[in-house]
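Participant: Dropping a structure here in structure tokens format, bear with me for questions.
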Amino acid sequence: MAKKALANELLSNERERRHWTQEYVAAQIGAPDTKMVGKWERGITVPAPYYRQQLEVLFGKKARTLGIVRNGDIPFWSVPYRQNLFFTAREAILAQLYSMYATKATPGLPLALSGLGGVGKTQTALEYAYRYRHEYQIVVWVQAYSREVLEADFAALAPLFNLPEQQEQDQQKVIQAVKQWFSSLTRWLLIFDNVDDLHILDGFLPSPARGHILLTTHSQATGVIAQAIEMQAMTLDEGAFFLLRRAKLIPLHASQTDVVEESLQLAGQISQTLGGLPLALDQAGAYIEETACSLAHWLSLYRDQREVFLQRRGEIIGNHPTSVASTWLLALEKIQRVNPAAIELLHFLAFLAPDAIPQEVITATALVPGPLSPSFATEPVQFDRAIKDLRAFSLVRRNAETNMLSIHRLVQLVLRAQCDTETQRLWAEYTVRVLNKVFPDGSFETWSLCEHLLPQAFAAIELIEQGQMVFREAAQLLHRVGGYLRQRARYTSVERFYQHALSILEQRYEEEQLEIALLLNSWGELYFHLGKPTLAETYFQRALALRKKLLEPSHPEIAQSLHNLGMIYVDLKQFALAEEYYQQALSIREQMMGIVGIGPSKLAESLGELGYLYWQQDNYNLSEQFFQRALTLHEQMLGAEHPRVGVDILNMAAVYRQQGKYHDAEHMYLRAISLWKCTQGPEDPDVAYAQSGLAKLYLLQERFSEAKLLYQQAYIILEKALGPDHPKAVSVQQQITQLPI
């Protein structure tokens with residue numbers, strides 16, 4: 001029977017999005033037959049190399065993005081794990097999944113593999129993805145064990161799909177764009193792995209869901225969120241056969257009839273002893289392979305040492321079966337004999353987020369004195385040896401392409417349970433200190449690295465909360481992570497992080513007053529961006545009072561507090577007070593420039609805000625002078641395409657508008673809009689501010705239709721980013737209602 005042709009909907013979707021006909025595309029690329037494009041889209045044929053190149057030029061996209069790939073390949077494949085060649089049994093579940101998707105038994109409703117941890121849910125989902133990949137054009141895997149990790153994984157799909165929103169500042173907008181992209185297509189498989197809390201999927205499931213969604217979860221009750229397929233442990237025979245394959249005691253493609261009866265019986269005893277749990281059987285097979293021991297020897301060793309092992313680790317945690325913990329302890333004992341340093345590394349990994357651990361975190365351990373050997377950061381061969389010994393028992397995974405490590409969460413639980421309370425505390429505090437060293441300051445240039453490290457930072461914050469830590473680095477990490485989230489307009493957890501950081505620092509008040517002042521300043525910035533100037537003033541004043549008490553009058557941090565209060569008083573229309581604070585800040589920065597680390601950026605910041613103050617007071621000539629000085633400094637220091645330069649460009653546009661220099665003003669507004677769309681995304685609030693300013697210019701020129709369109713676009717952005725009640729959104733809405741048309 002001929003293989004069924006599968007449509008290339010990526011190509012058809014790109015064409016339809018541009019409102020092009022198939023005939024038009026054929027004409028543009030010089031195809032002699034106008035029906036060729038239709039055949040490509042229906043999957044009957046694929047473009048020859050010449051036409052593939054012409055299509056890339058016409059659409060401005062790579063052939064893969066257009067769904068044009070080699071036979072058997074897949075345009076979008078984002079699965080972090082290799083196919084498990086030892087995958088055994090589960091054929092009925094795989095067939096059930098395929099049948100339910102094919103017959104659309106539950107249209108739009110995700111399917112969920114549910115069951116006990118270690119029962120093989122993830123491996124079954126992985127096997128389904130590989131086995132049926134030819135049915136899809138897009139296969140994507142995301143981790144969902146926490147909302148923060150799910151947000152980060154989902155947002156990371158935007159660059160994979162080359163969506164224009166990939167540089168968007170607000171991650172929620174990126175997530176919405178990814179959802180919409182899924183909703184426009186049908187040939188996709190989206191896998192949410194480790195969904196411990198099904199409610200975190202709210203806001204991530206594409207609607208309408210025209211493709212296939214698969215979850216793995218511990219929960220058997222999935223309610224209206226998904227149709228559950230419960231997975232049980234392997235039967236005795238299935239477990240025995242899997243163990244023999246995994247231990248490489250039989251060939252990979254052997255059948256059960258090829259196995260010696262005695263081996264099958266012994267393997268069956270091990271399967272029964274371990275409760276048929278695939279993860280436990282996998283670990284047993286790894287131990288047998290590594291040590292080359294017999295099945296009988298493994299059984300004897302396990303039975304003899306079981307009670308000792310349980311005593312060493314204490315009580316079993318949660319619903320984790322005893323056999324799994326005991327098997328891992330056998331592996332750990334073997335590694336301890338050959339490479340004790342590898343066990344140190346494993347204990348450190350046990351306190352991190354288990355998936356996608358960047359090697360930058362390991363490198364940072366050299367900067368923090370503690371229980372982990374610094375050789376892992378300074379001697380690559382030592383690190384590689386530890387990874388080799390750990391991988392021999394499948395205790396860690398390493399992705400060479402991404403420089404990431406991963407460790408199973410149940411392995412982490414066993415390792416932590418091995419430690420007494422004091423040892424756990426030491427490792428947890430060490431982990432927090434390492435993450436504090438490696439997590440950046442959150443400036444624009446570090447956003448990519450911050451996002452890369454965010455899951456690990458969240459794991460460290462969980463340790464801070466659980467361990468009730470009260471040392472300085474814990475507060476600093478909470479502050480840094482909160483600051484990064486604030487800059488990305490992800491405000492949900494920021495105030496909680498700031499509050500926790502403050503509670504830590506206040507317990508060490510005499511030692512940490514400057515840290516407290518810095519935190520109060522950040523808190524004020526949060527409220528300023530949320531449109532709460534009165535609350536922001538309170539925190540800025542508290543920060544200034546502390547800094548005046550502790551620092552010299554000319555210190556740059558005092559200048560920063562004065563500057564921030566100036567912004568507040570401009571917002572509150574208290575212009576005389578604002579000018580007083582701004583001038584004090586400017587005076588300090590001019591006097592101390594280059595002496596104590598004050599550079600052109602801070603000076604330009606003061607000049608720009610003073611220019612805005614004078615603009616508010618209708619002193620446009622003076623305002624222009626300050627704006628131009630700020631723009632020149634920022635362009636020299638940051639480059640013409642840096643987002644901060646856009647503020648100065650927008651300010652210049654506003655001055656030119658008030659001076660009646662309409663041509664110059666329009667040029668500046670369009671430049672600011674283009675700059676921010678490119679660097680921060682088309683739905684960033686800064687884009688809306690520039691659009692509103694350009695709309696005001698068009699009103700002065702009686703270009704009412706153009707003004708209305710810009711105001712409407714700006715309001716849509718602000719309503720989504722800040723909410724309909726934010727003062728800036730309300731102001732734009734009022735402008736729309738007052739338009740003469």
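The values are calculated or read from the model by the stated rules, or taken from the named source; none is laboratory data. Predicted model only: the values in this text are computed from it and were never measured. Note: ideal-geometry Cβ built from the backbone for every residue, glycine included; neighbour counts use all protein chains shown. All accessible areas refer to the heavy atoms of the entire protein, side chains included, with ligands and DNA or RNA removed. Shrake-Rupley method; radii C 1.70, N 1.55, O 1.52, S 1.80 Å.
Participant: Please count how many residues of the stretch 630-664 are in contact with a Ser or Thr (Cβ under 7 Å, 6 or more places away or on another chain) and under 15 Å from Tyr614 (Cβ atoms).
Facilitator: Result for the stretch 630-664: 1.
Participant: What pairs come up if the first residue lies in the stretch 575-593 and is under 14 Å from Asn564 (Cβ atoms), the second is of a type in the set (S, T, N, Q) and not in a helix (DSSP H, G or I), and their beta carbons are under 8 Å apart, counting only those six or more places apart or on different chains?
Facilitator: Qualifying pairs under 8 Å: Ile588/Ser554.
Participant: Now for a different question. Regarding Ala417, is this residue closer than 21 Å to Glu511 by Cβ and assigned to a helix (DSSP H, G or I)?
Facilitator: In short, no.
Let's see how each residue does on (1) within 24 Å of Ile175 (Cβ to Cβ); (2) open to solvent by less than 10 Å² (accessible area, probe 1.4 Å); (3) of a type in the set (Asp, Glu); (4) at pLDDT 90 or above:
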{"position": "Ala92", "(1), (2), (3), (4)": "no, no, no, yes"}
{"position": "Pro110", "(1), (2), (3), (4)": "yes, yes, no, yes"}
{"position": "Glu127", "(1), (2), (3), (4)": "no, no, yes, yes"}
{"position": "Tyr130", "(1), (2), (3), (4)": "no, no, no, yes"}
{"position": "His134", "(1), (2), (3), (4)": "no, no, no, no"}
{"position": "Ile138", "(1), (2), (3), (4)": "yes, yes, no, yes"}
{"position": "Glu148", "(1), (2), (3), (4)": "yes, no, yes, no"}
{"position": "Glu151", "(1), (2), (3), (4)": "yes, no, yes, yes"}
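Participant: With the requirement that a residue be of a type in the set (A, V, I, L, M, F, W, C), part of a loop (DSSP other than H, G, I, E, B) and either modelled with pLDDT of 85 or more or out of contact with any helix residue (DSSP H, G or I) (no Cβ under 6 Å at 6 or more places or on another chain) (or both), what does the stretch 373-402 give you?
Facilitator: The one that is of a type in the set (A, V, I, L, M, F, W, C), part of a loop (DSSP other than H, G, I, E, B) and either modelled with pLDDT of 85 or more or out of contact with any helix residue (DSSP H, G or I) (no Cβ under 6 Å at 6 or more places or on another chain) (or both): Ala400.
Participant: So, one more: For residues that are in a loop (DSSP other than H, G, I, E, B), open to solvent by 40 Å² or more (accessible area, probe 1.4 Å) and either at pLDDT 90 or above or under 30 Å from Gly723 (Cα atoms) (or both), tally how many sit in the stretch 469-511.
Facilitator: The total comes to 3.
Participant: Give the number of residues within the stretch 552-561 that are surrounded by fewer than 16 Cβ atoms within 10 Å (Cβ to Cβ) and not small (Gly, Ala, Ser).
Facilitator: The number of residues fulfilling the criteria is 2.
Participant: Of all the residues that make up the stretch 214-248, how many are open to solvent by 90 Å² or more (accessible area, probe 1.4 Å) and over 17 Å from Asp197 (Cα atoms)?
Facilitator: The number of residues fulfilling the criteria is 2.
Participant: Let me ask another. Could you please tell me which pairs satisfy a Cβ distance under 6 Å, a separation of 6+ or placement on different chains, a first residue in the stretch 661-679 that is assigned to a helix (DSSP H, G or I), and a second residue that is among the acidic types (Asp, Glu) and modelled with pLDDT under 95?
Facilitator: As it stands, the answer is Trp676/Asp684; Trp676/Asp686, since those pairs meet every condition given.
Participant: Name, by its number, the condition in (1) in a loop (DSSP other than H, G, I, E, B); (2) surrounded by fewer than 21 Cβ atoms within 10 Å (Cβ to Cβ) that does not hold for Gln713.
Facilitator: In the conditions (1) in a loop (DSSP other than H, G, I, E, B); (2) surrounded by fewer than 21 Cβ atoms within 10 Å (Cβ to Cβ), Gln713 misses (1) alone.
Participant: Same structure, new question: Could you grab me the full set of residues in the stretch 650-686 that are of a type in the set (A, V, I, L, M, F, W, C) and buried (at least 21 other Cβ atoms within 10 Å of the Cβ)?
Facilitator: Selection gives Leu650, Met652, Ala653, Ala654, Val655, Ala665, Met668, Ala672, Ile673, Leu675, Trp676.
Participant: Out of Thr45, Thr34, report the one residue that is more than 27 Å from Val139 (Cα to Cα) and either modelled with pLDDT of 85 or more or over 37 Å from the mean Cα position of the chain (by Cα) (or both). Step through it out loud before you land on a result.
Facilitator: Working: Thr45 fails: more than 27 Å from Val139 (Cα to Cα).
Exactly one of Thr45, Thr34 is more than 27 Å from Val139 (Cα to Cα) and either modelled with pLDDT of 85 or more or over 37 Å from the mean Cα position of the chain (by Cα) (or both), namely Thr34.
Participant: Has the stretch 187-200 got at least one residue that is within 30 Å of Arg42 (Cβ to Cβ), under 18 Å from the mean Cα position of the chain (by Cα) and surrounded by fewer than 19 Cβ atoms within 10 Å (Cβ to Cβ)?
Facilitator: No, there is no match, as no residue in the stretch 187-200 is within 30 Å of Arg42 (Cβ to Cβ), under 18 Å from the mean Cα position of the chain (by Cα) and surrounded by fewer than 19 Cβ atoms within 10 Å (Cβ to Cβ).
Participant: Starting from the stretch 188-215, keep only residues that are small (Gly, Ala, Ser), then list their pairs with residues that are part of a strand (DSSP E or B) whose Cβ atoms are within a distance under 7 Å, requiring at least 6 positions of separation or different chains.
Facilitator: Sorted first by the residue in the stretch 188-215, then by its partner, the pairs are Gly211/Trp188; Gly211/Leu189; Gly211/Leu190.
Participant: Write out, first by first residue and then by second, each pair whose Cβ atoms fall under 9 Å of each other, whose residues are 6+ apart or on separate chains, and whose first residue, in the stretch 444-473, is farther than 15 Å from Asp355 by Cβ and of a type in the set (Ser, Thr, Tyr) while the second is open to solvent by less than 30 Å² (accessible area, probe 1.4 Å) and modelled with pLDDT under 95.
Facilitator: Thr446/Pro440; Thr446/Tyr484
Participant: Moving on. Taking only pairs six or more apart or across chains, which ones have beta-carbon atoms under 9 Å, a first residue in the stretch 545-569 that is in contact (Cβ under 8 Å) with a residue 40 or more places away in the chain, and a second residue that is among the basic types (Lys, Arg) and open to solvent by 10 Å² or more (accessible area, probe 1.4 Å)?
Facilitator: Once the first residue is in contact (Cβ under 8 Å) with a residue 40 or more places away in the chain and sits in the stretch 545-569, its partners that are among the basic types (Lys, Arg) and open to solvent by 10 Å² or more (accessible area, probe 1.4 Å) give Pro556/Lys602; Ala559/Lys602; Gln560/Lys602; Ser561/Lys548; His563/Lys602.
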